[in-house]
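Everything on this sheet refers to the single structure shown next.
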Amino acid sequence: MRQTKLKPTKRGYVRNLGRLTSGSQAKFYLGNERSAALARLNQIATLWQQVEDRQEGRPGKAVWDDETLKAARAIEKGEPFSAAPYQFSTGVESAEKYFARVNALQRTGALVKPSEAFKYELGRRDLVGDVENSHDELSRAIGKPLATGQTLHQALRAFQDSIRNEYEQPDGSITDNANSKIRQTKTIMTSLPDCDLGELDYAGCDSKFAVFRKKPISKKYGEPMRRKSCQNYIGEMGRFFRWLHISKEWRWRYPEDFALISRKVIETDDDVEREAEDVPTWSLEQLKILNEYATPKERIFLLLGLNCSYGADQSGRLRIKHMHLDHKLPHIRRVRRKKKILSMHALWTQTKEGLQHFLDARQKSDSPYLLLTENGLPYWRLTKGGNRAQVIPRLWSDLLDRIHKDFPDFPRHPFNTLRDTSADAIRKIAGAETASIHLAHKHQSKDENLGRYTNPTRRKHFRAIQRLEQKWQAVFEAASAPWQQPKKVYTSVATVKSIRTLKSQGVAPKDIAMQFGISTATVYRHLEKQKAPLK
């Protein structure tokens, strides 16, 4: 093939390659996307090379034969190709040459099947049977896998489509679990080199699992993946191969002894030490600072995390119907979808007031969710790319940024550390079983069947939440006007305290403004709020 640059035309990328029986050149229209056009051109060039190789030593010039041209036209359009059965008879060509020819065509990307019915002799064995059995028998006989024309990455992309179809909801979205599985499949695809499915015999499959058994380097963080993450990827790979085995569209079946492939991730000293470490939690003093510096929006998520042990998703998904604020004992009652378990939490006074505040101030919307952004969107939602919106984590990051201006050494634990802190405190007050109820775990004890015969001890749980409210009273007192929206949040709490202290010492507002690099109007605004002094 003449080596020239592939240039776009009005009809996309076009290339003449090979000759037809009429003597004219064959023209192929390869589409408008350059990368796809190059891939198709390379596949067609491989086909043409086969045509020229078969012509070598024979009179005349090489021309496209009907069968190979049909495959080239299918590749040109990006479509699969099923070749008409090749005729085989002993004496015309050997079995190995026959399959070498079929596999060469398959490796170009064309979907080709061997002859539907054929009989041949290999060594001293007669192999007779359907396509798949004959293919497998020959593979074992010659000691190497045969190409299928279908690749691992193609199958993984089809597996992602099957996940979307399986987990699609009535509104067209897919569940969180499905999104996680798709993300894991993408990581698997970027971590494993592509190959023909025919190469995935026992050794081939074992090498794929070995990538995650050995904890590969994360492309995002530049360090070995966590052991738990690798276990999740290996689990998803197992589900992928099971799907591939039962799918009729893919020419791959479990190799012999597939079940013996090890799925255990190596365990390093760092893994052991990491798992032995205590779970990070917030101290009482740190919680006071968090509540003191938080804006009303940040505070309601802070309180839901501490009061109900909610993570970001659970807080953002809180619906109006879940709240029972007018009850004798205000509480939230909801079903945790992932675990299919009823979750109930008594509400602290400040949490109840905050929920009522946002309910009263809520703009008119058809959304069932309580907490909405200024644009009327729920804090928990999926982006156009199918990922979770990061609004709550960003709010949390903004809060920690403001605190760091006054406390540079303040820890930067993630939002879900509030959930851990809450459960840890409840466990110390009322024990492990109540902490499991607090976390809305499916099993509250080692007896996994206990929930089928008994009910959770909710009164004990509610009393534990009330005792924690008393224990953390100083946290709530740190916010003097918890639901009053500040006009400006750029002046830190520590600066506001210093402004008021200097004014009480007789320093002029003008001098205070110069000292902190702010306007005199800002100083007066904070002095006017002195009726509700900051703690």
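Centre-to-centre separation between the Cα atoms of the range 391-419 and those of the range 160-192: 31 Å. For the residue pairs K405/K460; K7/K181; K27/K384; K181/K214; K297/K384, the C-alpha atoms sit more than 32 angstrom apart in K405/K460; K7/K181; K27/K384. Straight-line cross-link reach from K340 at under 20 Å between alpha-carbon atoms covers these aspartates and glutamates, not counting any fewer than eight positions away in the same chain: E166, E168, D176, D313, E433, D447, E448. Sparse packing (at most 11 other Cβ atoms within 10 Å of the Cβ) combined with a DSSP loop state is found for the following GluC sites (Glu not before Pro) in the range 262-301: E267, E277.
If the limit is 18 Å between Cα atoms, which of K288/K328; K338/K428; K228/K446; K321/K352 go over it? Where the Cα-Cα span goes over 18 Å, the pairs concerned are K288/K328; K338/K428; K228/K446.
Prolate is the label for the range 386-500. Its Cα gyration tensor axes, ordered a ≥ b ≥ c, give a/c of at least 1.5 and a/b above b/c. What number do you get for the range 284-477 when its Cα radius of gyration is normalised by 2.2 N^0.38 Å, N = residues? Cα Rg divided by the expected 2.2 N^0.38 Å: 1.03.
Can you give the net charge of the other residues whose Cβ lies under 10 Å from the Cβ of M344, counting K and R as +1 and D and E as -1?
Summing Lys and Arg as +1 and Asp and Glu as -1 gives +3.
Taken along the Cα-to-beta-carbon direction at a fixed 7 Å, the label points for D194 and Y524 span 6.9 nm. With the simple spin-label model, which puts each label point 7 Å out from Cα in the Cβ direction, the S367 to S229 separation comes to 3.0 nm.
Can you work out D for the range 321-435 in µm² s⁻¹ from Stokes-Einstein, where Rh is the Kirkwood radius over C-alpha pairs, the temperature is 20 °C and the viscosity is 1.002 mPa s?
On the way: Rh = 17.0 Å.
Translational diffusion coefficient: 126 µm²/s.
Any read-out appearing in this document is the output of simple, stated calculations on the displayed coordinates, not a laboratory observation. Because the structure is predicted, anything quoted here is derived from the model rather than measured. Note: ideal-geometry Cβ built from the backbone for every residue, glycine included; neighbour counts use all protein chains shown.
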